[in-house]
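**Student:** The structure is given below, and queries will be raised subsequently.
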Amino acid sequence: MTAKSIIRIDSAPPRHWVGDGFHVHSMFSYNQDAHLYSPFLMLDYGAPYLCEPRDVANGATPRGVGSHPHRGFETVTIAYSGEVAHRDSSGGGGIIGVGDVQWMTAGSGLVHDEFHSPAFSQAGGEMHMVQLWVNLPAKDKMTKPGYQAITQASIPQATLDMASTRVGSVRVIAGEYAGYTGAASTFTPMNVWDVRIAAGQTVSLPQPEGWTTLVLVQSGSVTVNGGKSAGAAQLVMLSRSGTDVEITASADTQLLLLAGEPINEPVVGYGPFVMNTEQEIRQAFVDFNAGKFGHINE
Ligand code: MN
């Protein structure tokens, strides 16, 4: 076994607004170096932020992102604190709260909206979330839209203890770790793990040879394979070559580990549509404007 090497460590850029409700750091997007991040297309990080009600509501109206389309990929929203309400034209929807995940397959196209939940928008509190976009291979881009509502309780958790000391834990949202199979089903092989490591401990999280491997540090501080340290709101990109990923925490740490088999196909995207060719993007606009993505039932 050889160690994956660190390719780069990127700090979060300034936050920007998604709609009028989600204030996020865009850690990467398909507009730049898409091939390096494949099968992942975009990572918006809503770092922990204490929201007053006025930050998440306009009076009695929750803030968020109004009705908009997607085609050709999946959106994965992970809530660590706060609550997000969602509705889509395939009939999916609900509220995801602490520890929950919504895994939405836009496929051939749907329309959805995303808002702070009514309760959270009135009370405020800490908001901490991630939205990850996962590409679909060309053969599945026009698959039927779908929605996996994944509750905290349904996500397998491996706890890592030595003697009576808590070393860490791995919540397996997707993929497989130490015999635990992830809650989400995916179109291509990947690991999406919510990882906690106690201060001073080292955890081995090997990833397959050839896979894109990314570590988003959410709190704490780590070194990966003995390299430079990375802290909160930094993204570590590891090499596809090698398999070993040894993470040492110098403080209590929470991180998101994303690894996946690259999809070696062209990425042509425009806003909420990500396809393989310009022609397919033009067709997405034609189909959306013709109402083929459906409507949200009020
Ligand atoms: Mn969306």
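**Student:** How large is the dipole of segment 34-157 about the Cα centre if only Lys and Arg carry +1 and Asp and Glu carry -1, each at its Cβ, rounded to the nearest 20 debye?
**Tutor:** 400
**Student:** Here's something else I'd like to know. With the radius of gyration and the Kirkwood radius both derived from the Cα set of segment 128-285, what is their ratio Rg to Rh?
**Tutor:** Value, to two decimals: 1.01.
**Student:** Given 0.36 nm per residue, what is the gain on full extension from Ser5 to His68 after removing their alpha carbon distance, in nm? Mind dumping the intermediate values first?
**Tutor:** Working: separation 63, 0.36 × 63 = 22.68 nm, distance 3.90 nm.
So the extension gain works out to 18.8 nm.
**Student:** By what distance, in whole Å, do the Cα atoms of segment 93-172 stretch along each of the three principal axes, largest value first?
**Tutor:** 50, 40, 17
**Student:** Using the Cα centre of segment 166-298 as the reference point, and only Cβ charges (+1 on K/R, -1 on D/E), how large is the resulting charge dipole? Debye, rounded to the nearest 20.
**Tutor:** 320
**Student:** When only alpha-carbon atoms are used, what values of Rg and Dmax, in angstrom, describe segment 1-152?
**Tutor:** Taking only Cα atoms of segment 1-152, I get Rg and Dmax of 16.1, 57 Å.
**Student:** Among Ser239, Ala259, Gln201, which residue has its Cα furthest toward the positive end of the charge dipole of segment 176-287, with +1 on Lys/Arg Cβ and -1 on Asp/Glu Cβ?
**Tutor:** Looking along the dipole axis, the top candidate is Gln201.
**Student:** Using packing as a proxy for protection, rank 35-48, 3-16, 101-114, 230-243 so that the peptide with the highest average count of other Cβ atoms within 10 Å comes first.
**Tutor:** Values: 35-48: 20.9, 3-16: 14.3, 101-114: 23.2, 230-243: 19.1.
Going from most to least packed, we get 101-114, 35-48, 230-243, 3-16.
**Student:** Quick one: with all protein chains in place, what share of the accessible area of the chain is carbon or sulfur, to the nearest percent (1.4 Å probe)? Each step should come with its number before you reach the end.
**Tutor:** Working: 6520 of 12300 Å².
The C+S portion of the solvent-accessible surface of the chain is 53 percent.
**Student:** In addition: Using a simple spin-label model with points 7 Å from Cα along the Cα→Cβ vector, what separation in nm is obtained for Val18 and Ser250?
**Tutor:** Here the modelled spin labels are 3.1 nm apart.
**Student:** Given +1 on the Cβ of Lys and Arg, -1 on the Cβ of Asp and Glu, and no further charges, what dipole in debye does segment 82-147 carry about its Cα centre, rounded to the nearest 20?
**Tutor:** The calculated dipole for segment 82-147 is roughly 360 debye.
**Student:** May I have the extent of the alpha carbons of the chain along their three principal axes, as whole Å values ordered from largest to smallest?
**Tutor:** 58, 45, 34
**Student:** Work out from phi, with θ = phi - 60° and the Karplus expression 6.51 cos²θ - 1.76 cosθ + 1.60, the ³J(HN,Hα) of each residue of segment 258-264, listed in order in whole Hz, and give x for Gly and Pro.
**Tutor:** With the stated coefficients, segment 258-264 comes to 10, 9, x, 6, x, 9, 8 Hz.
**Student:** A follow-up question, please. Could you tell me the center-to-center distance, by alpha carbons, between segment 139-178 and segment 204-222 in angstrom?
**Tutor:** 15
**Student:** Moving to a separate point now. Would you work out if segment 62-221 is rounded, prolate or oblate? Take a ≥ b ≥ c from the square roots of the eigenvalues of the alpha-carbon gyration tensor; rounded if a/c is under 1.5, else prolate when a/b is larger than b/c, oblate otherwise.
**Tutor:** oblate
**Student:** Separate question: Would you mind checking the tilt of helix 278-289 against the longest principal axis of the Cα atoms of the chain, expressed as 0 to 90 degrees and rounded to 10?
**Tutor:** 50
The values are calculated or read from the model by the stated rules, or taken from the named source; none is laboratory data. In this text, all values refer to a predicted model and were calculated from it rather than measured experimentally. Quick reminder, even Gly has a Cβ in these numbers, built from the backbone with ideal geometry, and neighbours come from all protein chains shown. With ligands, DNA and RNA removed, areas are computed over all heavy atoms of the protein, side chains included. Shrake-Rupley method; radii C 1.70, N 1.55, O 1.52, S 1.80 Å.
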